[in-house]
Amino acid sequence: MNSTPEADWLNLLIGLLQGAQLQLLRVLDALGLAQHVHGQPGWPWARRLSGENLLIDLGQARSLAWTLVFVAVAVLALLLSLFWRRSRYYLLALVPMLLIAAPWPESHVVLVPATPASFHASPTGFTAASIAQGRVLYQQNCVACHGADGKGEGPLAASLAVWPPDLSGPLLWRRADGDLLWRILHGTRDAQQGGQPTMPGFAGKLDEADAWALVDYMKAQGAGQSLRALGNWPQPIGLPGMTVRCGSQPPRLLASWRGQRVRIVAGDAAPTEDPRLVTVLLRPPSSAVATSADCVADSAAAWEALSLIAGTDQLAGTQLIADRDGWLRARGAPGKAGWSDDDLLCRSERAPAAAAAGQGAAALPADGLGALIARMDAQPVRFVKGGFIH
């Protein structure tokens with residue numbers, strides 16, 4: 001997460017880099033020049049432009065941004081020289097001068113090793129069912145080395161040549177989803193030790209669907225562990241998809257409410273409806289208590305997934321609020337009356353736009369939930385694959 005004033009332009013820069021690479025890959029695929037790997041077009045080069053490194057090294061990010069401006073001006077000058085004969089030689093002379101003057105960033109920062117799956121997108125949609133499947137697979141294949149909590153302290157960890165990475169920290173979120181898929185299926189090697197294997201690949205044991213489910217589970221597990229350790233979600237985590245029943249209507253997916261704020265209330269008690277939110281009652285597994293709630297989700301996988309993300313084994317009474325884009329933003333603890341700014345767990349440390357403009361806290365709604373919603377709307381989560389900025 002980055003909460004500095006540079007966040008806006010840095011998001012734009014990383015988004016442009018990501019979008020340009022994706023469009024290039026789509027063009028190659030349309031021309032039949034991209035080989036399909038694990039069901040999607042594979043990145044054909046050993047390197048890619050890095051968004052995650054630019055988040056860490058702001059100086060190099062600025063250098064790259066200015067270099068792109070210089071290159072754009074050089075291209076414009078080159079195009080003008082084709083039509084403006086009178087000043088053609090001046091324009092052509094300007095091109096190399098701009099390219100020489102550009103503050104080119106260090107190549108090892110901007111370009112990072114890529115895998116054929118670097119730009120693969122998860123087909124699961126981050127659902128509760130996928131997380132539950134991933135949990136079973138993790139216990140069968142990963143817990144011995146990575147540990148039950150994902151911190152890399154499993155019973156076999158000490159015997160390995162390289163200690164397993166901490167999957168509960170920011171490293172997991174800085175990796176592109178496709179790179180995680182590739183490492184699960186094909187393993188990892190240590191470049192500093194002559195390419196010695198540090199983790200075996202599971203391609204012979206797991207298929208692509210299994211690997212994507214593992215990625216979903218590791219994200220949910222990492223979010224819960226971060227919440228336990230830090231008291232917040234330092235990296236954005238989405239509200240898992242699940243099936244919801246509303247009265248006598250046919251079941252619908254939770255994602256169908258995208259564009260509206262969603263509140264999940266865990267337990268058997270019917271929640272109070274609020275027009276500012278779509279409220280869904282999440283019932284415990286095997287609950288036989290009748291409820292008068294309008295919309296209900298009662299799958300064991302949904303309860304398990306949200307318990308994991310909320311970092312608790314006692315989910316009953318917890319309330320979770322997702323913003324209009326589906327990101328989980330706030331948690332209300334069991335037994336707590338009302339909402340406050342402290343319940344906003346996925347946030348920016350910058351003041352909301354209204355306060356920054358001098359309007360102060362008086363511009364925010366008086367009630368706690370209204371103020372929390374206002375801050376959520378004023379500070380949306382900005383997400384770029386391979387880099388996260390609130």
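Residue count for segment 246-273 satisfying the condition of being at negative phi and either at pLDDT 90 or above or under 28 Å from the mean Cα position of the chain (by Cα) (or both): 18.
Looking at segment 313-323, which of its residues are over 24 Å from I373 (Cα atoms) and open to solvent by less than 50 Å² (accessible area, probe 1.4 Å)? Steps first, answer last, please.
Our first condition is that a residue be over 24 Å from I373 (Cα atoms); within segment 313-323, this holds for 313-314.
Across segment 313-323, there are no qualifying residues.
Considering only residues that are charged (D, E, K, R) and more than 17 Å from L254 (Cα to Cα), look in segment 284-334 and name the one that is modelled with the lowest pLDDT. It would help to see each step written out before you state the result.
Just the residues of segment 284-334 that are charged (D, E, K, R), to begin with: 294, 298, 304, 313, 323-325, 329, 331.
Pick out the ones that are also more than 17 Å from L254 (Cα to Cα) and you get 313, 331.
Working: D313: 91, R331: 96.
Filtering first and then ranking leaves D313.
Can you confirm whether segment 10-22 contains a residue that is assigned to a loop (DSSP other than H, G, I, E, B) and either surrounded by 12 or more Cβ atoms within 10 Å (Cβ to Cβ) or aliphatic (A, V, I, L, M) (or both)? No, every residue in segment 10-22 fails to be assigned to a loop (DSSP other than H, G, I, E, B) and either surrounded by 12 or more Cβ atoms within 10 Å (Cβ to Cβ) or aliphatic (A, V, I, L, M) (or both).
What residue, among those in segment 296-311 that are assigned to a loop (DSSP other than H, G, I, E, B) and more than 17 Å from G238 (Cα to Cα), is farthest from the chain's Cα centre (by Cα)? Spell out the reasoning first.
Within segment 296-311, the first condition is being assigned to a loop (DSSP other than H, G, I, E, B), and the residues that meet it are 298-299, 311.
Filter once more, so that each one left must be more than 17 Å from G238 (Cα to Cα): 298-299.
Details: D298: 26, S299: 24 Å.
Per the stated criteria, the residue is D298.
Just checking, does segment 367-377 include any residue being at negative phi, at pLDDT 85 or above, part of a loop (DSSP other than H, G, I, E, B) and of a type in the set (K, R)? Checked against the condition, which is being at negative phi, at pLDDT 85 or above, part of a loop (DSSP other than H, G, I, E, B) and of a type in the set (K, R), segment 367-377 yields no hits at all. Only residues that are open to solvent by 20 Å² or more (accessible area, probe 1.4 Å), touching a helix residue (DSSP H, G or I) at 6+ places or on another chain (Cβ under 9 Å) and in a loop (DSSP other than H, G, I, E, B) were counted in segment 237-282, giving 4.
Taking segment 97-215 and the helices (runs of 4 or more DSSP H) fully enclosed by it, the elements with 1 or more residues that are within 30 Å of L253 (Cβ to Cβ) and touching a residue at least 60 places away in the same chain (Cβ under 8 Å) are at 128-141, 171-174, 177-186. Among the residues examined, R26 qualifies as basic (K, R), assigned to a helix (DSSP H, G or I), exposed (fewer than 14 other Cβ atoms within 10 Å of the Cβ) and on the phi < 0 side of the Ramachandran plot.
Hey, among L185, L160, which residue is of a type outside the set (S, T, N, Q) and either modelled with pLDDT of 90 or more or within 14 Å of the chain's Cα centre (by Cα) (or both)? Please lay out each step first, then the result.
Working: L160 fails: either modelled with pLDDT of 90 or more or within 14 Å of the chain's Cα centre (by Cα) (or both).
None of the others qualify; the one that does is L185.
Let's see how each residue does on (1) loosely packed, with under 13 Cβ neighbours inside 10 Å; (2) under 25 Å from D8 (Cα atoms):
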| residue | (1), (2) |
| --- | --- |
| P44 | no, no |
| E52 | no, yes |
| I56 | no, yes |
| L78 | no, no |
| R85 | yes, no |
| L91 | no, no |
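Cβ-Cβ contacts under 6 Å between residues 6 or more apart (or on different chains), taken from a first residue in segment 296-311 that is touching a residue at least 24 places away in the same chain (Cβ under 8 Å) to a second residue that is among the aliphatic types (A, V, I, L, M) and open to solvent by 40 Å² or more (accessible area, probe 1.4 Å), are listed as A301/A129. As for segment 97-105, it holds no residue that is touching an Asp or Glu at 6+ places or on another chain (Cβ under 8 Å), of a type in the set (A, V, I, L, M, F, W, C) and under 23 Å from D8 (Cα atoms). Among the residues of segment 337-344, is there at least one that is open to solvent by less than 40 Å² (accessible area, probe 1.4 Å), aliphatic (A, V, I, L, M), touching a Phe, Trp or Tyr at 6+ places or on another chain (Cβ under 6 Å) and at pLDDT 80 or above? Scanning segment 337-344, I find no residue that is open to solvent by less than 40 Å² (accessible area, probe 1.4 Å), aliphatic (A, V, I, L, M), touching a Phe, Trp or Tyr at 6+ places or on another chain (Cβ under 6 Å) and at pLDDT 80 or above, so the answer is no.
The values are calculated or read from the model by the stated rules, or taken from the named source; none is laboratory data. All of these numbers come straight from a predicted model, not from anything done at the bench. Because the Cβ atoms are built from the backbone with ideal geometry, glycine has one as well, and the counts that use them run over all protein chains shown. Please note that ligands, DNA and RNA were not included when accessible areas were found on the heavy atoms of the full protein model with its side chains. Shrake-Rupley method; radii C 1.70, N 1.55, O 1.52, S 1.80 Å.
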